[in-house]
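Working notes, structure below.
Throughout, read-outs are computed from the coordinates displayed, never taken from laboratory work. On a predicted model such as this, the values are computed, not experimentally measured, just so you know. Note that we place each Cβ from the backbone using ideal geometry, even for glycine, and neighbour counts take in every protein chain shown.
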Amino acid sequence: MRHNVLVNVPIKDTVSYTLFAQGLLLDIPKDNEQKDSVEFKFLGGSVFALFYTFANFRRAYLATEWQNKEDGEPFYLPGIDVPLYVLFKAKGRKIDELKHALHIMTKEDHYAPFRLSIEFWKKLAAQIEFYGSNKEDIFWLYNKYAKKGKKLV
């Protein structure tokens, strides 16, 4: 069983990066005790997207909590309280492709795609890596994994 993941998004210039996090939230985001970041708590077992911007580069990740050795090596990222199982790591143009795919899928319901299985996210990652974020392909893949009544049109 995967546990909830706490992501600290910095709001002050005390760190060398900015972070945007998107996923299935468990609670309303709130300031931490030091008032230097906002805490986002994502539901355990769900996949979430992290978009980092550093001084000279940017990275994006699709991840969930690392559970055991079947997930491979644990991955540690700034602002995250637990080791992660990274399904997809993007840089450059692939970040824009991931943003585009998320935009397509979250247009109707902001949380719907994040309720889908890890298997869906692995296939989406492969789709983006090799073919890009073509709208029709994203629709087809999403609708293949979505429950009846929750499909994209």
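Here are a few things to note about the model shown:
- Estimated FRET transfer efficiency when R0 is 41 angstrom, pair Asn32-Asn134 (beta carbons, to 0.05): 0.55
- Residue among Leu124, Asn68, Val86 farthest towards the positive dipole end of the stretch 5-145, charges placed on Cβ: Leu124
- Whole-Å semi-axes of the stretch 85-153's equivalent ellipsoid (Cα gyration tensor): 19, 13, 11
- Counting 0.36 nm for each residue step from Arg93 to Lys144 and taking away their Cα separation leaves a gain of 15.8 nm.
- Counting only alpha carbon atoms, the long axis of helix 118-131 and the longest principal axis of the chain meet at about 80°.
- Prolate/oblate/rounded call for the stretch 1-73, Cα gyration tensor, a/c under 1.5 rounded: oblate
- Between Ile11 and Ser37, Val38, the built amide H atoms are under 5 Å apart, and every one of these is 5 or more places off in sequence or on another chain.
- Using alpha-carbon coordinates, inclination of helix 93-106 to the longest axis of the chain, degrees: 70 degrees
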